[in-house]
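Data first, discussion second: the structure below is written as structure tokens.
The values are calculated or read from the model by the stated rules, or taken from the named source; none is laboratory data. Everything numeric here is computed off the predicted structure, so don't read it as measured data. Using ideal geometry, Cβ is built from the backbone for each residue, glycine included, and neighbour counts are taken over all protein chains shown.
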Amino acid sequence: MTVQAKDVQLGDRLLGPSGDEITVTRIDNALLGRADLIAFVEDSAVRWVKVPSTLDAEVQVIRDLPG
Amino acid sequence: MSSDAATHSDPFDVELAALDGSPLDLEALRGHTVLVVNVASRCGLTPQYSALEELHERYSSAGFSVLGVPCNQFGGQEPGTPAEIGVFCSATYGTTFPMTEKVDVNGPRRHPLYQRLTATPDADGRAGEVEWNFEKFLISPGGEIVARFRPLVEPTSPEVVAAIERTLP
């Protein structure tokens, strides 16, 4: 599914810059002090990556359905 | 600080290769003032390379060096091979300062150098994770991490220059 970056949730999986899937474990607002920038962070036991986006960008996510 | 603690926090008491894979002689940097910077070739902040080289050339004869540390953890903006990174830096910005191998600066595979660096707070008192490409840490000739500057602080800004000049051997 496609959502705006501001609607990405913790646990969403999205394609990282290298084409690999990252799982969002943290969302940082105002990247580099810019209110229009957001960053999705995977801070897991296996890796740490930070992916920037503008708030209004369309982002493809994989989201597990409840239940 | 006890001598034991000082030994364990020595930022250069680590294994680290040069960009081309050859051993990097960190011992050669002891006694120097060193500005350690995590870099990425596709970052919008790459014009800072010019200012870093300017600093390196201005103060190298006084015992100063920039040390560039390529890292691909921020937006995947350093995806290239060592050769590609080296060519980009030298051909685009004419850099001459030493560069290390590509490492992680945050997370479970954070390099020991950055385990030590990231314990240092910035001017606002914030320690911990590197925020983005081109974050800067200033190391004194005695191996003390004396300052931390976030990515948007220009290398030739008055605060960085003043800190370097205060710290020169």
Restricting region B:104-128 to residues that are of a type outside the set (S, T, N, Q) and part of a helix (DSSP H, G or I), the one surrounded by the fewest Cβ atoms within 10 Å (Cβ to Cβ) turns out to be B:Pro112
Taking region B:84-109 and keeping only residues that are touching a residue at least 12 places away in the same chain (Cβ under 8 Å) and over 18 Å from the mean Cα position of the chain (by Cα), one is left with B:Glu84, B:Thr92
Unmet criterion (only one of (1) among the acidic types (Asp, Glu); (2) over 26 Å from B:Arg30 (Cβ atoms); (3) out of contact with any Ser or Thr (no Cβ under 9 Å at 6 or more places or on another chain)) for B:Glu129:
(3)
Would you point out which residue out of A:Val41, A:Val3, A:Val51, A:Val59 is in contact (Cβ under 8 Å) with a residue 40 or more places away in the chain and within 25 Å of B:Pro79 (Cα to Cα)?
A:Val59
Before we move on, is A:Val61 modelled with pLDDT under 95, more than 9 Å from chain B (Cβ to nearest Cβ), over 30 Å from B:Val103 (Cβ atoms) and assigned to a strand (DSSP E or B)?
no
Inspect all residues belonging to region B:87-103 and state whether any of them is over 26 Å from B:Tyr59 (Cα atoms), away from every other protein chain (no Cβ under 11 Å), in contact with a Leu (Cβ under 9 Å, 6 or more places away or on another chain) and part of a loop (DSSP other than H, G, I, E, B).
yes
Meets criteria (in a helix (DSSP H, G or I), loosely packed, with under 15 Cβ neighbours inside 10 Å and charged (D, E, K, R)) for B:Arg58
yes
Among (1) part of a loop (DSSP other than H, G, I, E, B); (2) touching a Phe, Trp or Tyr at 6+ places or on another chain (Cβ under 7 Å) - the single one A:Ala35 does not satisfy:
(2)
Test: residue in region A:7-19 that is surrounded by fewer than 16 Cβ atoms within 10 Å (Cβ to Cβ) and touching a Leu at 6+ places or on another chain (Cβ under 8 Å):
no
Among residues belonging to region A:38-50 that are facing chain B (nearest Cβ under 7 Å) and part of a strand (DSSP E or B), point out the one that is nearest to B:Asn106 (Cα to Cα).
A:Trp48
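Every residue, every condition in (1) closer than 17 Å to B:Asn72 by Cα; (2) more than 8 Å from the chain's Cα centre (by Cα); (3) among the hydrophobic types (A, V, I, L, M, F, W, C), yes or no:
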site	(1), (2), (3)
A:Ile27	no, no, yes
A:Leu37	no, yes, yes
A:Val41	yes, no, yes
A:Val46	yes, yes, yes
A:Gln60	no, yes, no
Output for region B:130-169, where each listed residue is over 24 Å from B:Pro47 (Cβ atoms) and either more than 12 Å from the chain's Cα centre (by Cα) or within 14 Å of chain A (Cβ to nearest Cβ) (or both):
B:Ser140, B:Pro141, B:Gly142, B:Gly143, B:Glu144, B:Val146, B:Arg166, B:Thr167, B:Leu168, B:Pro169
Given (1) in a loop (DSSP other than H, G, I, E, B); (2) under 17 Å from B:Lys136 (Cα atoms), identify the lone condition not met by B:Tyr49.
(1)
